[in-house]
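Here the structure comes first, spelled out in structure tokens, and everything after it is commentary.
The values are calculated or read from the model by the stated rules, or taken from the named source; none is laboratory data. This is a predicted model, so every value here is computed, not measured. A quick note on method: Cβ atoms are made from the backbone with ideal geometry, for glycine too, and the neighbour counts reach across all protein chains shown. We work out accessible area using only protein heavy atoms, side chains counted, and drop any ligands, DNA or RNA first. Shrake-Rupley method; radii C 1.70, N 1.55, O 1.52, S 1.80 Å.
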Amino acid sequence: MAQERILVVEDEEDIQELIRYNLEKESYRVTCAGSGEAALESVVKDIPDLVILDLMLPGIDGLSVCRELRASDRSRTVPVLMLTAKDDEADIVTGLELGADDYMTKPFSPRVLLARVRALLRRRAASPETGDTIRRGGIEIDAGRHRVTIAGEVLDLTLTEFRVLEFLARRPGIVFTRYQIVDAVKGEDYPVTDRSVDVQIVGLRKKLGDDRDCIETVRGVGYRFRAAADPEDNHA
Ligand code: CA
């Protein structure tokens, strides 16, 4: 059975070796990089199945590496497990927002690390790249993660904005009334009214960027997501 390849990005040699030893014992193929630069070079050459990424690195730090990985189409969906030196909440939160999938704080137990690695690889196998991701006109909507990115930049959407965008983007070209949109997106504890749909749309348009006129107003009716003839778009 072909084993998955794991890129370990860690400048501390003893920790790098500890991780390599434990992964290889489980028959994973391991590539090590001692800096952010080396990590990015390695990814360009060959996309790994998973990246274990220490955040404290000389030169390009781990968070920047994570951002780069997420910005590139090739590496966007590769699972990233962050390592942090201590309970640095700010770094952990930033890393997760940048798209890291999980984190561990040092010192860590190799057995727990292996369990996390297996879980991430399983999750990836269960949801292949196309997964539940909607791509429309340069906007990528990851329904599972409730995340919207444009050119790798994660947009800071509220949950309701996300739901409105997802609802419309799944059905491009179809016009929905405000009431239909309210019906589709309202949560049990979230008072969404027809007027507030307008507010959500204004907020969404602003966050999507002025040049992305993807949500059209259909006068007297409601809104629709512009149907684009972009071959890159999918509805997987
Ligand atoms: Ca380090």
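Annotations
- Taking the criterion of being of a type in the set (D, E) and within 16 Å of the ligand (Cβ to nearest atom), the residues of segment 43-71 that qualify are D54, D61.
- Tally of residues being within 12 Å of the ligand (Cβ to nearest atom) and open to solvent by 10 Å² or more (accessible area, probe 1.4 Å) across segment 23-42: 2
- The conditions of being at pLDDT 80 or above, surrounded by fewer than 20 Cβ atoms within 10 Å (Cβ to Cβ) and in a helix (DSSP H, G or I) are not met by G220.
For every residue, the table says whether it meets (1) buried (at least 17 other Cβ atoms within 10 Å of the Cβ); (2) outside any helix (DSSP H, G or I); (3) not assigned by TED's automatic domain parsing to the domain that holds I19.
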site: V112; (1), (2), (3): no, no, no
site: D156; (1), (2), (3): no, yes, yes
site: F162; (1), (2), (3): yes, no, yes
site: R171; (1), (2), (3): no, yes, yes
site: I174; (1), (2), (3): no, yes, yes
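- Any hit, segment 10-22, residues being within 15 Å of the ligand (Cβ to nearest atom), in contact with a Cys (Cβ under 7 Å, 6 or more places away or on another chain) and either in a strand (DSSP E or B) or of a type in the set (F, W, Y) (or both): no
- Within segment 72-94, tally of residues that are over 17 Å from R147 (Cα atoms), of a type in the set (K, R) and more than 16 Å from the ligand (Cβ to nearest atom): 1
- Only one of the listed residues (L96, L57) is touching a strand residue (DSSP E or B) at 6+ places or on another chain (Cβ under 8 Å), in a loop (DSSP other than H, G, I, E, B), open to solvent by 10 Å² or more (accessible area, probe 1.4 Å) and not assigned by TED's automatic domain parsing to the domain that holds R147. That residue is L57.
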